[in-house]
Amino acid sequence: MERNNRLCRICGEKMPSTPFMSCSACLQDGEKVRAYIVKHPFKTPEEIADATEVSIETIKKLVERGTMTRFQLKNMDRVM
Ligand SMILES: [Zn+2]
C-alpha cells in the first residue's frame, strides 16, 4: 500500500507521513509568519509577506487552514 500519499494542506505538494498538516517548508513559513505577527501585531499582510519572505498566497492559506490563532487572525482579515 502506498503510504506516502498525503498532501500538504498549504502548498498541496506530496509530503511524507508526519503528525503535521503541512510539509516542513510550509511549517517553517508558518513559524516565521507567526513569530513576526507576535512581534509586530499591527503590520499589514504586505509588510508581513515582505519581512518574512512568505508569499501573501501562503499567508492567506495559513489563515484559511486555521494555522493562525484567533488573536493573529484579527490582524489578518485584510488579506481575506
Ligand atoms: Zn507545503
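Throughout, read-outs are computed from the coordinates displayed, never taken from laboratory work. Values in this document were obtained by computation on a predicted structure and should not be read as measured data. So basically every Cβ, Gly included, is an ideal-geometry build from the backbone, and we count neighbours across all protein chains shown.
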Pull up all non-local amide H partners of Arg6: gap of 5 or more, or a different chain, and H-to-H distance under 5 Å with H placed in the peptide plane. Met15
List the lysines whose Cα lies under 25 Å from the Cα of Lys14, skipping any in the same chain that are fewer than 8 positions away. Lys32, Lys60, Lys61
With a Förster radius of 22 Å, plug the Cβ-Cβ distance of Lys39 and Arg65 into 1/(1 + (r/R0)^6) and report the FRET value to the nearest 0.05. 0.50
Note, ³J(HN,Hα) from phi for the range 46-52, Karplus 6.51, -1.76, 1.60, rounded to Hz, x at Gly and Pro: 4, 5, 5, 4, 4, 5, 9
Which ³J(HN,Hα) values, rounded to whole Hz and listed in residue order, are derived for the range 27-36 from phi using the Karplus coefficients 6.51, -1.76 and 1.60 in 6.51 cos²θ - 1.76 cosθ + 1.60 with θ = phi - 60°, glycine and proline given as x? 4, 5, 4, x, 5, 4, 5, 4, 4, 5
